[in-house]
Amino acid sequence: MKTYLIIGVISSIALVIRTHIKEKEKRKRILEFKEMDNSKINAIGNYEKKSSFWQRVKNKKR
């Protein structure tokens, strides 16, 4: 019974740490995105549209 309790506590702590790290990275990305101007955002979008992965996906749908 103690083993299950210990495993539960450890996994709960790991989940909290993981969530904290993900939220911290999310805030960081949002701040970086706010600093970008529209031309950079459009360039990123255009690059993703022209990437080979998206071209393959588009061709498979046809």
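What number comes out for the charge environment of residue 30, summing +1 per Lys or Arg and -1 per Asp or Glu over other residues with Cβ under 13 Å away? Overall, the nearby charge balance is +3.
Extension gain, residue 5 to residue 35: 0.36 nm times the residue separation minus the Cα-Cα distance gives 6.2 nm.
Rule-based calculations on the coordinates, nothing more; no lab input. Note that the coordinates shown come from a computational prediction; the quantities given were computed from them, not determined experimentally. Using ideal geometry, Cβ is built from the backbone for each residue, glycine included, and neighbour counts are taken over all protein chains shown.
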